[in-house]
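Structure record follows, encoded as C-alpha cells.
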Amino acid sequence: MILEVDAVSKRFGALAALTRVSFAVAPGQVFSVIGPNGAGKSTLFNVVAGHYTPEAGRVHFDGDDVTGVPPERLNRRGLAKTFQITNVFPEISVADNVRVAAQSRAPESGRLASLWRRTEVDHLTRPLLEAFGLAGRREALARDLSHGEQRYLEICLALATAPKLLLLDEPTAGMTPGETREATALIRAIALERGLTVLLIEHDMSVVMGISDRVAVLHFGEKIAEGTPEQIRNDPKVIDAYLGGADD
Amino acid sequence: MRVLGWRAVVVFALLAALPLVPGMSRYYLLLAFDALLFGAIAMSLDLLMGYTGLVSFGHAAFYGLGAYATAILLERGVQSVWACLAFAVVVVGLYALVVAYFATARRGIYFALLTLIFAEVVYTFFRYTQTFGGSDGIQGLPDATILPGVPLDTPLKKYYLVFVYLLAAYAVCRVVVASHFGRVLVAIRENEDRARFLGYNVARYKMGACMISAILTGIGGGIYPMRSAFATPDLMLWTESGEFIISVMIGGLGTLVGPVVGGVFFTLLRDKVSSFVDWYFIVIGLVLVVIVLFMPRGLLGYRKVLGFSQWRASG
C-alpha cells in the first residue's frame, strides 16, 4: 500500500469533521473519496496532504508514518496535491509557473548552490504543457488563462514535482460537463502513462465512476462504504446519503 | 558580461566615465557618491520588496549598523577599507540573522512591523546610550586606506569605491534573481502557500533573501563613513527606511535597475530642492505623489514588472 489512512479523527471545536476514517490505496490505483458537501472530504484531504494534524489516527505514506509532516516535506517525499480553488502563481507566465514547480526536484534545490545556479527544466515542463494543451499559452500570465486552463495548470504544477501519489481536490470544479469529461479522461491517461497513484476527492459522482479503481464514501465525517464503482453505485447507504441527508 | 547584459555594461561604462565630465567638481562627485550609494541600497531592498514580496521597514538598521561597524574600526586605528567592510558584513549579518529569523515567521504587515521594531530598538540603543557616542555618534574619523599606504582620501577615489560596490551588488542581485533560488522567491511573492506545497521550505528562502538584502545594505552602510567621516544614530531612523522604500517605489518594484534609478532620482531631487527652500520635503512629497498617481509601476514601469523576464527568452 502506498497510502494508508488509519482511524483518523479530526475535530474543529464541537464539529467532528472526521471520525475514525480508514482506507488504503494500492500503488497505481485511482482511488476516489466521494461524499456530499460537508462530508469531511476536504478535511481528509488536508490531513493526508500535511495541512492539518489529526487528533487521532495515523497516516502512512510509502512505508513511513507521515502524520503531521508539513506539506513541503511531504511533497519532497513524493506526494503532490492540487487545490479545489485554483492556486497558481498569477503574475508570472504559465511556463514559469511550471518551471518553478519542476526545479523543486533538482539536486541543488534547498542547497547553497541554488543561489547562483539556474536549473534547466524545460525538458520536463514542455511535455507537461503539451499534454494539457497549454503549450500555446506558455507565455501568457497565469491569471489571464481561462478557468479550464487554470485548472489544468493547477494539475501541471503538482505533476511537475514528479510525485508518486497525486492528490486531486475536485479537479473539475467549475468546469462544463464537456470539459469535465475531457479532464477526467486526461487525468486517467496521464496516471496510467506515468504509473501514478491518484487520490481523487470529488462530490460529483459522475466524475469518479468512469476513472476510479476504488471508491470510498464519506458522510458526516464517517466512511459509510468502500468498494468498486459498481458496488458503490448500488449501495443503498450511498444512495440514501446522496439523495436524502445533506443536500448537494 | 553575460551576467550583466549589454545594457548594464553600457550604463556602468558611462558611470565609470562620469568623473571625466568637464566641470565635475568635488561637490558633484560626492553627490554622485551619495546617489549611487542610495541607489545600490534601494536595489538591495528590491530583492526583498519586489522579488520576495516582503516590505522591510527596518533597512535603516542594517545601513546604520554597517556605518557604525566601519566607524568603530576607523576610530580605533583599523583603517583598511576591506577590514571595515568585512566587519560590517559580520555585524550586520549577525543582527540580520536574528531579525530575519523572527520577522519571516510572520507575513505582510506583521513582517514590516517586526523589522521596524527591531530597527527602533537598535536606534534607541545607539541614540540613548553613551556606548557609541549617543546622539553625536562617532565623529571626525580618519580616512580609510585601500591598501597599506594608499589612503582613500579624494572624492574621485571615494566615487570609484561606491561604483565598485554598486557593480558588485548589481551582479550579485542579477545572479540571485535569475537563479533557482530567485525563481522560488518570486513564487513566494506570488503565492507562498502554493510554494510550500511544491516542496519548498518557504521560511528558509525568505530568510535567505533577507540575509542577502541586509548584508548588501550593510556593506553600503559600511562605505558611508569613509566619505562622511562620521556615523550617527540618525542613519538608523525609520525615516531612512522610508526613503529606501520610496526609492524602490519610484523606480519600479522587482526591476533592480528601477530602484537604482529611484535612489539616484531621490538623492538628486533632495539635493536640488533643498538648496532652494527649507521646506523641500513638501516639494519632494508632491513629486512622489505625482509619480505614484501617474506611474504606479515606477519610472521604469513601462517594462514588465516581473521576476523572470530574462528566462522567457530561453524557454
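The values are calculated or read from the model by the stated rules, or taken from the named source; none is laboratory data. From a predicted model like this one, the values you see are computed outputs, not experimental measurements. Using ideal geometry, Cβ is built from the backbone for each residue, glycine included, and neighbour counts are taken over all protein chains shown.
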Find the residue count for the stretch B:50-65, including only residues that are within 23 Å of B:Ile223 (Cα to Cα) and in contact with a Leu (Cβ under 8 Å, 6 or more places away or on another chain). 7
Selection count, the stretch B:192-235, where residues are farther than 21 Å from B:Ala168 by Cβ and not in a helix (DSSP H, G or I): 8
Considering each residue of the stretch B:115-135, count those that are in contact with a Lys or Arg (Cβ under 6 Å, 6 or more places away or on another chain) and under 20 Å from B:Leu48 (Cβ atoms), and give that number. 0
Working carefully through the options B:Thr104, B:Thr129, find the one that is buried (at least 19 other Cβ atoms within 10 Å of the Cβ) and over 28 Å from B:Ala16 (Cα atoms). B:Thr104
Assess whether B:Phe118 counts as being surrounded by fewer than 19 Cβ atoms within 10 Å (Cβ to Cβ) and farther than 20 Å from B:Leu36 by Cα. no
Scope the stretch B:208-234; condition under 12 Å from B:Gly64 (Cβ atoms) and touching a Pro at 6+ places or on another chain (Cβ under 9 Å); matching residues: B:Ala231
For the stretch A:61-85, pairs from a residue that is closer than 18 Å to A:Ser42 by Cα and more than 9 Å from chain B (Cβ to nearest Cβ) to a residue that is surrounded by fewer than 16 Cβ atoms within 10 Å (Cβ to Cβ) and among the β-branched types (Val, Ile, Thr), with Cβ under 6 Å and 6 or more apart or across chains, are A:Gly68/A:Thr53
The condition of being closer than 24 Å to B:Asp136 by Cα and either part of a helix (DSSP H, G or I) or of a type in the set (A, V, I, L, M, F, W, C) (or both) holds, among B:Leu65, B:Leu45, only for B:Leu65
Exactly one of A:Gln84, A:Gln150 is modelled with pLDDT under 90 and not charged (D, E, K, R), and that residue is A:Gln84
Boolean, A:Arg99 is facing another protein chain (nearest Cβ under 9 Å), surrounded by 22 or more Cβ atoms within 10 Å (Cβ to Cβ), of a type in the set (D, E, K, R) and within 22 Å of the chain's Cα centre (by Cα): yes
Kindly establish whether A:Arg117 is touching a strand residue (DSSP E or B) at 6+ places or on another chain (Cβ under 9 Å), at the interface with chain B (Cβ under 8 Å from one of its Cβ atoms) and among the basic types (Lys, Arg). no
Looking at the stretch A:26-45, I want the residues that are in the same structural domain as A:Asp62 (by TED's automatic domain parsing) and have a partner that is assigned to a loop (DSSP other than H, G, I, E, B) and surrounded by 24 or more Cβ atoms within 10 Å (Cβ to Cβ) with Cβ atoms under 6 Å, at least 6 apart or on another chain. Which pairs are those? A:Lys41/A:Gly35
Wholly enclosed strands (runs of 3 or more DSSP E) of the stretch A:138-248 bearing at least 3 residues in contact (Cβ under 8 Å) with a residue 60 or more places away in the chain and over 16 Å from A:Asn87 (Cβ atoms): A:197-202, A:214-219, A:222-227
So for the stretch A:55-64 (the condition being acidic (Asp, Glu) and out of contact with any strand residue (DSSP E or B) (no Cβ under 9 Å at 6 or more places or on another chain)), does at least one residue qualify? yes
Here the residues within the stretch B:160-212 that are more than 20 Å from the chain's Cα centre (by Cα) and among the small types (Gly, Ala, Ser) are B:Ser179, B:Ala187, B:Ala195, B:Gly199, B:Ala203
Here is a check on your reading of the model: is A:Ser42 facing chain B (nearest Cβ under 9 Å) and either in contact with a Leu (Cβ under 6 Å, 6 or more places away or on another chain) or under 18 Å from B:Phe197 (Cβ atoms) (or both)? no
Given the criterion of a type outside the set (S, T, N, Q), more than 9 Å from chain B (Cβ to nearest Cβ), in contact with a strand residue (DSSP E or B) (Cβ under 8 Å, 6 or more places away or on another chain) and buried (at least 20 other Cβ atoms within 10 Å of the Cβ), identify the matching residue among A:Leu167, A:Leu153, A:Leu129, A:Leu134. A:Leu167
Can you tell me which residue in the stretch A:26-61 is farthest from the chain's Cα centre (by Cα), limited to those that are surrounded by fewer than 16 Cβ atoms within 10 Å (Cβ to Cβ) and in a loop (DSSP other than H, G, I, E, B)? A:Glu55
Residue under evaluation B:Tyr101, criteria (1) within 30 Å of A:Phe89 (Cβ to Cβ); (2) at pLDDT below 95; (3) hydroxyl-bearing (Ser, Thr, Tyr), criterion not met: (2)
Those residues of the stretch A:190-240 which are of a type in the set (Val, Ile, Thr) and either loosely packed, with under 15 Cβ neighbours inside 10 Å or assigned by TED's automatic domain parsing to the domain that holds A:Leu129 (or both), in sequence order: A:Thr228, A:Ile239
Of the conditions (1) at pLDDT 90 or above; (2) assigned to a loop (DSSP other than H, G, I, E, B); (3) under 18 Å from the mean Cα position of the chain (by Cα); (4) at the interface with chain B (Cβ under 9 Å from one of its Cβ atoms), the single one that A:Glu91 does not satisfy is (3)
